[in-house]
2 protein chains.
Amino acid sequence: MIIVKIGGGRSINLAGVIEDLAVLDEQYVIVHGANALRDKLAQDLGQPKQVLTSVKGYASVYSDEKLLDVMLMAYAGLRNKRIVELCQQHGINAVGLCGLDGKIVQGKRNNGIRVYQGKKLKIVRDFSGKPETVNVPLLQLLLDNGYVPVLTVPIIDEFNAAINTENDDVVRVLQQALEARTVINLIEAAGFLKNQDDAASLIKNIPAAELEAREQQVEGRMKRKILAFRKLFEQGASRVIIGDGRGAHPVRDALAGKGTVIE
Amino acid sequence: MIIVKIGGGRSINLAGVIEDLAVLDEQYVIVHGANALRDKLAQDLGQPKQVLTSVKGYASVYSDEKLLDVMLMAYAGLRNKRIVELCQQHGINAVGLCGLDGKIVQGKRNNGIRVYQGKKLKIVRDFSGKPETVNVPLLQLLLDNGYVPVLTVPIIDEFNAAINTENDDVVRVLQQALEARTVINLIEAAGFLKNQDDAASLIKNIPAAELEAREQQVEGRMKRKILAFRKLFEQGASRVIIGDGRGAHPVRDALAGKGTVIE
């Protein structure tokens, strides 16, 4: 079982990803983002996103009801269904779901994010949280009947409301629930770069044991990402590949060891 | 088996509909629209919809790729998932799907719509078509496992592309595939009105045999709707109820015989 996470950047080669998956022998589940699409849509609708940075340094999007509406449109609507369409065009019988559908990914709403507003400490509550459980019987029902689940946010919380969450956390609960050994994470870079502005600074291999130290060296979204990778190994993953989603064959390349292999 | 079609108007009481469905004893499938949402979104994005009227007098929306994107956002994204959320809040384990998912509703693309442009006859091609087949095994798989399918457009065509179609036609193929005897059609009116501007002109009963004559008396979308109803009876439906979707209990009222009962 492989979890294929497709990043939500503008220059991800979705057609190339799906083309590769169409000839993959192993079973897999797709999780995808749509952040570039969401940001553009929010901008076009005159409600640009607001980013909160917690006192611990983790960045997250302020997710009010309007942002959730935009996410439902961008992630669960446009991007999810265009990926399903691409799958169908390549002979993959995909079924696109967000976490609400059959409560396939359920979580717990955040109590609030502690942020500094100027010098004042404030607790901000919104529709965001962390995934906790996966409806494995539904996933298995689909997989056993030849359907490929294409999953995305939002997920459903303990009050049965739609909440935003990080797709990396969705990948984490899925990896655990499905006991997936391999996670492929397709992004808009050659892999994990030592220097973000220098594509030649690609780190080809990272021992899983080094992730914690690296987490301390970075900020914002990347900090959160590395934390999520680290948890995958704690849960039994044996290989996480951060691959370039922009190439002609993103999945084939990732499985051939291009990008950054963490193991 | 009941097919519950929820219209896409602004003033449909979605919470009331779902509340009623939560206590319904029979098995059902939901099909919903989102036309008001789509029109508003298209407007907000600066790409207002264009309506084509065929030489035969049937009106339809010009469905280019951009409109399909807007539909994926409004129908398959925002409206579909907010309905799923409402269902989950009322204890209905809903799974929201558009026709692309598992090819649950597949159709054939239109060859083109014959329209007059000024006095010139022109054939306009777009991403629209008619549904033809339903993936009954997938629907049954969900139903048998306690999930309620919440379906909407777009559907998938013979080239595996997303196409727009009338939800009334989706209801038609579903009714046939599932051999549903009852179809409930919830709209923004008390039912079928003799005079559209007079709520008191409600027609309480229409014999199915009279539908063809009525089809000749109306224009535009209503003409298409009556045609769709007529076909339901040709396929074995025994009762179509056009109910008021705006009341406190739209489904309960419809099943109690309020609105227009065609049988």
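Using the Cβ-Cβ distance between A:Ala248 and B:Asp25 with R0 set to 51 Å, the FRET efficiency works out to roughly 0.40.
Annotation: amide H of B:Leu52 within the under-5 Å range of B:Ser60, B:Val61, B:Tyr62, sequence separation 5 or more or interchain, hydrogens built in the peptide plane.
Our coupling estimate for the stretch A:8-14, obtained by passing each phi through the Karplus curve with A = 6.51, B = -1.76, C = 1.60 and θ = phi - 60°, is x, x, 5, 9, 5, 8, 4 Hz, Gly and Pro reported as x. The residues B:Arg10, B:Arg252, sorted by heavy-atom accessible surface at 1.4 Å with ligands and nucleic acids left out, run B:Arg10, B:Arg252 from largest to smallest.
Charge dipole of the stretch B:44-85 (Cα centre as origin; +1 on each Lys and Arg Cβ, -1 on each Asp and Glu Cβ, all else neutral): 180 debye, rounded to the nearest 20. Peptide A:134-147 is shielded by partner chain Cβ atoms: per residue, an average of 2 of them sit within 10 Å of its Cβ.
In this Cβ point-charge picture (+1 for Lys and Arg, -1 for Asp and Glu), the protein assembly as shown has a dipole of about 1280 debye about its Cα centre. Convex hull of alpha carbon positions in the stretch B:166-263: directionally averaged projected area 5.9 nm². Each DSSP beta bridge with both residues in the protein assembly as shown is either parallel or antiparallel, and the antiparallel ones are about 45%. Rounded to whole numbers, the Karplus 3J(HN,Hα) couplings from phi for the stretch B:79-96 are 5, 4, 6, 5, 5, 4, 4, 4, 4, 4, 5, 9, x, 9, 7, 7, 10, x Hz, using 6.51 cos²θ - 1.76 cosθ + 1.60 with θ = phi - 60°, and x at Gly and Pro. Which shape class, rounded, prolate or oblate, goes with the stretch A:113-226 when its Cα gyration tensor gives a ≥ b ≥ c as root eigenvalues, a/c under 1.5 marks rounded, and past that a/b bigger than b/c marks prolate? Judged from the Cα gyration tensor, the stretch A:113-226 comes out oblate (a/c at least 1.5, b/c at or above a/b). For the residues of B:96-108, the average number of beta carbons from a partner chain within 10 Å of their own beta carbon is 5. Using the rule -39500 (n - 2.57) for each DSSP H run of four or more residues, divided by the residues of chain A, the 222 nm mean residue ellipticity is -9000 deg cm²/dmol. Around the amide H of A:Ile206, modelled in the peptide plane, lie the amide H atoms of A:Val261, A:Ile262, A:Glu263, all under 5 Å away and 5 or more residues distant in sequence or on another chain. Considering chain A at the alpha-carbon level, its Rg and Dmax are found to be 17.6, 56 Å. Of the cross-linked pairs B:Lys108/B:Lys223; B:Lys49/B:Lys194; A:Lys49/A:Lys258; B:Lys120/B:Lys194; A:Lys103/B:Lys103; A:Lys122/A:Lys258, those separated by over 32 Å at the C-alpha level are A:Lys49/A:Lys258; B:Lys120/B:Lys194; A:Lys122/A:Lys258. Residue by residue along A:205-217, Cβ atoms of other protein chains within 10 Å of the local Cβ number 0 on average.
Dipole magnitude for the stretch A:128-171: about 140 debye, using +1 per Lys or Arg Cβ and -1 per Asp or Glu Cβ, origin at the Cα centre.
Here A:Val51 and A:Glu263 are evaluated by their C-beta separation; at R0 = 35 Å the FRET efficiency comes out at 0.60. Restriction of the trypsin sites (Lys or Arg not before Pro) in the stretch A:54-115 to DSSP coil positions whose beta-carbon has at most 14 other beta-carbons within 10 angstrom yields A:Lys56. Taking the alpha-carbon centroid of each part, what is the distance from the stretch A:60-97 to the stretch A:211-263 in angstrom? Their Cα centres are 23 Å away from one another. In this structure the amide hydrogen of B:Gly8, modeled in the peptide plane, comes within under 5 Å of the amide hydrogens of B:Gly33, B:Ala34, B:Asn35, none closer than 5 places in sequence on its chain. Anisotropy class assigned to the stretch B:138-196 is oblate, per the alpha carbon gyration tensor with a/c at or over the 1.5 cut-off and a/b no larger than b/c.
The values are calculated or read from the model by the stated rules, or taken from the named source; none is laboratory data. These numbers come from a predicted model, not from an experiment. Cβ sites come from the backbone with ideal geometry, for glycine too, and all protein chains shown count toward neighbours. Heavy atoms of the whole protein, side chains included, go into the accessibility calculation; ligands, DNA and RNA do not. Shrake-Rupley method; radii C 1.70, N 1.55, O 1.52, S 1.80 Å.
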